[in-house]
Structure formats: structure tokens, C-alpha cells
1. For chain A, what's the relative contact order in percent, using C-alpha pairs closer than 8 Å and at least 6 residues apart?
2. Filter the trypsin sites (Lys or Arg not before Pro) in region B:468-557 down to the DSSP loop ones having no more than 16 other Cβ atoms within 10 Å, then list what survives.
3. Under 11 Å from the Cβ of A:Asp65, count the other residues' Cβ atoms, weight Lys and Arg +1, Asp and Glu -1, and hand me the total.
4. As an exercise, use a Förster radius of 41 Å and the Cβ-Cβ distance of B:Arg228 and B:Val623 to find the FRET efficiency, rounded to the nearest 0.05.
5. Shielding of B:281-291 by partners, i.e. mean partner chain Cβ atoms within 10 Å per residue?
6. Taking the alpha-carbon set of region A:22-132, what are its Rg and Dmax in Å?
7. If each DSSP helix of 4+ residues adds -39,500 (n - 2.57) and the sum is divided by the residues in chain B, what number results at 222 nm, nearest 500 deg cm²/dmol?
8. In whole Å, what are the Cα extents of region B:276-338 along the three principal axes, biggest one first?
Amino acid sequence: MTRACDVFVVDDERVVGDAIALVLRPEGLQVESAPDAESALAHPALAACRLVLCDLMLPGKSGLDAVRAIRALRPGLPIVVITGYPTPAQEDLARAAGATAFLPKPFDDSELLTLVRRVLASTDAAEEERKP
Amino acid sequence: MKPGIGTLAILGVAVVTAAVIGVMSGIILRAHQGALVDQLKRSADQLSETIASSTYHDMLENRRDAVHREIVTIGHQQGIEKVRLFNATGTVMFSSDEAEIGRAVDKNAEACYACHAAGRPLQRLPIHARARIYRAADGHRVLGMIRPIHNERSCWSAGCHAHTREESVLGVLDVNLSMAAADRQIAHDQRQLVLLAVLAIAASSVLLWGLSRQLILRPVAALIASTRRVAQGDLSTSVPATARHELGDLARAFNDMTRRLNEAQRQLAQADKLASVGRLAAGVAHEINNPLTGVLTYASYLERRAAADPETQADLGVIVRETKRCREIVRGLLDFARQTPPKRQPTDLNEVVRRAAAVVANQLALAHVGIGLELERELAPVPADANQIQQVMVNLLLNAADAIAGGETPTGGSIRVRSSSVDVPPRGNVTIRAAACPKGCDLLDPSVRLAGVPTIRVLRRAGEREVLVHLDPVYGRANHRAAEPCEEGVIASYLCPVCRTRLEAAERRCAECGAPLFGVQVARLGVVEWCSRKGCQGTRWEAVEARGPQPYAQLEVEDDGRGITEEEMDRLFEPFFTTKGTRGTGLGLAVTWGIVEGHGGSITVESQPGRGSRFVVRLPFRVPETAPEAADPGQAPAPGRVPMPDARGGAAPRPAPAGDAGGRA
């Protein structure tokens, strides 16, 4: 099943969104992106996507605020925090805000793919279980 | 120009000398003058006695001519001014000055007053009361001496019947001596004394000038010049401090101060450099990781898709590899910039080791490095920050892998990791982290470190020589440093370099050689003592010995790589030191050292170049009292504790026991 959007990227660096799309599209995953928290929350793809990749340092509203807002909108949605400043403190804060996983930048295609597949598989499994 | 210390001192001394010599001269002159006058009075009295007795018989027999002759003869001798004889009514009966004969003398006149005061003659007067000094017509002084001639039996019974029995005094003999010679002597003595006083003042001034120039002015001028240089920012300056007096102490204190300032400045610069690196790293990491994400993702994606074109795939592989190298460099900088006090939790170190091994497993496999874990079963949990200790283990494992694979012809090798619990005796292991003299002066010297730990400074006095000694802060290890060596076997005395209090305690003797022990106070942990005999290793720390061996968890990482040379060993834990050329940041072991120190643990290295190295990390099962506790988790990333190069100029902290071993991050 192909949806309008599978993976939603929130990152102010256009190249990051492009790179993620480059790797994930051949896997049959649709990628949409937004450059900041406000436009992400207003983006129609957010309601449909199965996974969010969110940067921590965003212009305007911070990445952590974005994670909290998305978590509030869609409680079960997996959110992976991607950051160029990967510290344990940042990771703790991100998980406290509701992030599912933490992926330090820079990553290569296989690291990204592995993580995305794992997260999607576990959500799919959870959804399967929830089905009557 | 303001008068200098020397001029003021000379003036002061000249005034005091002049006053003292003046008063002394006055007293001496007065005494001398008194003695001369007394002598003259006795001479005059003797002379009057002689005249009285020699004219006695002539008087009895009433031979007036003979008496007159005798008086004239004596009266004209040298130094005798005049001799005369009055009768009881004051008429001059005989005189060497013949013009006077027959004249009457007023009984109230000065010469007569002594006896005739109150209107009645006194009969016996002492010599001083009978003498008088007056000035002659030509101005010179004259001493007059009167002698009453008393009535006696032979006088009133003599045939001449000149005197009756009732008269008490028959007449008065008056002898006058010239004082000219005595006065000349007094004036001469006075001149001589003044001359001597002037000479004494001049000599003391010259001496003082010379002394002040040599002892005060020159050292002070040197101090002023150095102080100005320091004020202008030149902290490498020092002044000659050879003098033993207070100015020598001042010069030594000055040199000590500038040395410490210099050291502090150097450390500040180093800390500043590290802090800048930290801020820079944090900023750069974020900025550079975004473009690196693009490069790495695109390149790895293309590499995977280029399976059909091996040449392109290999080229893309280079991009991927080099981009990953950039990633490691940035992460190293971040780790270094981010060292924080550990957040301690009961931690299973075996689990930490397994996780670290898993993290590096791919890299080890690629480098054909095998890894063997020998983990102690049921190793008790250690209060530690699991993330930090994992970082330590990852760093040590990657270092070991590099030491094996980094050579020109990598042939593979193996790493063994062991965990164990060990009981570590205090000797050779416990670090002295506080030290004070009995009066409370801080003796810890952060400017001179051994293996990154501040040493303890004391002053050693052997004979005439005083030398600053930096004691090894590890109890039981005797890697002390001194500015100059001391002969073996010499028993020196040890002082606080600040207040100079003796550090030897009464009755405390070395158990090994019997020499006195000297000690420093450690907060809450009593006194650490060392033997004062050079070469004797005797030492005692009763409070710590009483606690006995302490349990530590020990992690060993041993490789069979290229080893560490003696030279590398010296700088091993220094930030930015690397043996890996462009492949390392020089921060891995600095970070490792900082983490282990932060846990109150220790890290030591043994190595044989060409054979391999063994890193041993020990972490206490009990949180040491003095170890820094976990700070506020919300704290901003800060550059952590790093080993500072010691005062001898950049040599790195040397871990003990120092041997030699592999590469480092």
C-alpha cells in the first residue's frame, strides 16, 4: 500500500530532507519534508505519515517543542530525532519529549535504512496486535 | 629627587652618632677637667702644708725676715702665682707680692667667705671648701687655696707672746696656683675629641653607604626593575636571590610569585584554549554535520547502486570512508568538549564492556583484530556513569586496534579485555589530594603535577642549602622532584615554604631507619609522613593504612600491537597529542583520563615497544570522599578535567608505573 506520505522530515537543511528522500524512495517510501516546526504542524502530510524524522535545532520553535507538539497530535506515531549535536543529554531530553529513537548526523544510507525499517516494522507489529 | 633609603639611613646614623659622641665627649671632658682641678687643689694644699711646716719654727721664734724670704722664694717658683699670709684681722703680713704687705683684706670677700659666713669663723674645712678659682687680670684662671693657721700651745707659750691663749685662728695662708697649663691641656683634649667624633661620623657614614649600596640598594633596584618588567607582562623574569637576609627572602618570594603567576597564566591559556575548542566544537559539530549528512548519504547511496561499475563504486567508497573520518573527528571534539562530572549509578561494568565491544566489533573485524573478553562473574556493581565508562572502553579498544592495525603491514592481532575486582593497598595507590602545614598553609601545588595530579611542595633544608621539593602525591610512591639533588643518606629538615614552620613532629621516627619523620596534614585523613633521610623510602599514613586495602573494579585492555615508546609515554594523556597522524584528534586518551579521574579512579599503562601495551583502569567500589560528585544534569557542556602539562615545560603527566605501549586516539 502506498500512501501519500510515509516518512515526514522536519529539517531546516534542505540537503538532509533530499538525502533522506533519495535513500527511502527506492524502498517504496514516500517522503515529505518541512523546514521548521510551524510549517510541519500545518503540513497535511503529518496527519497521514507513519514516521517523523525531526531535527533538534530548528529556526523558530525548537525541535523538542516540535516533537512534543507532534506527539500531542499523534500519540502513537514514531518520531526519530536526528541531530548534528549528538550528546547523551540531548538524547535524554529528546526521549523525554517523546522521541522514539535517536539518530546522530551524519549517517550513511544503510544506517538510515536500518533504523527506518526497524521502527516501521515495530509500529506495524504493534498495529497488527491492536487489530481485532 | 626624593632622598633614597641610603641617604636617609646615612643622615639618621650621622645625627645619632654625633649626638652620642657629643654627649660622651661632654661627660669625658667634664670628668677630665674635674680630675685636673682636683689634682691642682691637692697640689695647692700640699704646697700650703709645706709652707706652713717650713715656716713653723721661724714663726715660733718670730723670725719675720726668714718667713718673708721663704714665702717670696716659694711664691716665685714656676706655676705659683702668689703666696701670702694674713693675720687674724685680715691684714697681709707676708706676701710674694711685696706691694700687698700691710693691706687689709675684707673678711666678706670671696676668699674669706667660706669660713666667715654667718659672722663666725669655722675651724675645720675640707679641701674643696678652701679652694676657689678666679681669673687673673690677664684673663688666665688661678686656683686659690687658703689654710687657716690654728692656735696651739707652742704658739701662745712662745717667748714672743705675740698670741694669747684665747685666739683660735692666728692667721691664714693663701696659696695661688696658675691654671694656665691645665687649661691648655683641657683645650687640647677638647680639640682631639671633636676631631675623633668627626672621624667616627665620617667613617660610619662611609661604611653605611657601602653596606646599604651592597645589601639594600642593589637588590632593591633589581627587584624594582623586575617588578616593572612583570608589570609590563614579562613573567619569565627573575631576580638574583643569593642573599641570606630578608631581601634575599623577598627576592625568593618574588621569584616564587612570578613563577606561579607564569604557571597560572600558562594554565589559564591552556584552559582557555580547551574552552574555546569546546565552544568551537559544539558550534562546528552542528553546522558541519548537516552537509556531512548530505555527502555521506548521497555517496553511500550511490556506492550501493554502483555495483555494476566496480571502479566508480571504489571511488565512491573513498568518499564514504573519508566522510566517516570527518564524522569521527567531529565526534572526538564533541566528546572532549562535553566532559562533565559523572552521573553515578550502580553499574555492571561487564555489561559496559560488552556494549563497548559491540560498538567497535565491526571496526575490529575489518582490521582483523580479534577480541577476547575475560569477565569476572558476579562482579559487584560500581557507582559509575555507564555512558562515560563505555566511552573509556571504546577509546581504549579503538586505540588497541589502531596499535595493532596501524603498522605498515597489518597482520592482525588480538585484544584481551579482563574485568576483575581487586583489593588495592593504600601504598602506591591512594592519592593525596589535600595537604597543609601545621599552621594551615596550603601545600598542594597545582603548577607542578605528576600524572596530572598536583604535587605537594615543601622546603628541604640540608646544611646551608634550602631547596623546594615537590613530593609525589601518590602515597607510598617516591617519585619526588627537587630543584637540585641531595646527597643520599643526608637527614634534612623540612619546612613549610610559606610560613617556614618545621614539618617534623617531635618523637616521630622512621620505622625503617630511625630518622625523624616529617608530615603534612590531610583534611579528615590525618597526617601523611615521610622519612627525612634522603634515599629512605619510609612513609606512613596512619588514617589510610587503618582503613586497609580498598576494593576496586579493574578493567584491563591488553593488545599485542606496536607498543608505546618512552617519548610517547610522556605525552600520552596530553590533549591534542596523537601518534596516528591525520587519523587521530589527540583527544581520546585525554577524555579517557578525565573520565577516570572524575570517577576517583586511576588509569595506568605498561608497554613494551613492539610487543604490546596494557591499560589498566581502576574504579572504586565506594565513592571516594573527595571525588567530584555529579553536577547538575542541565549543566551546559564544558571542557572537562584534563591533565595539565607539568611545570617543566610541556612534558605530559606520566602514568605510573611507566613502561611503554600502542597508539592512541
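Quick note: the coordinates plus some simple rules give every number you see, no bench work behind them. Since we're looking at a predicted model, the values are computed, not measured. FYI the Cβ positions are ideal-geometry reconstructions off the backbone, even for glycines, and counts take in every protein chain you see.
1. Dividing the mean separation by the residue count of chain A yields 21 percent.
2. The qualifying sites are B:Arg500, B:Arg524.
3. Overall, the nearby charge balance is +1.
4. Efficiency for this residue pair is about 0.25.
5. Partner Cβ neighbours, averaged per residue: 5.
6. Both quantities, over Cα of region A:22-132: 13.7, 43 Å.
7. My calculation for chain B gives -14500 deg cm²/dmol from helical runs alone.
8. 47, 15, 12
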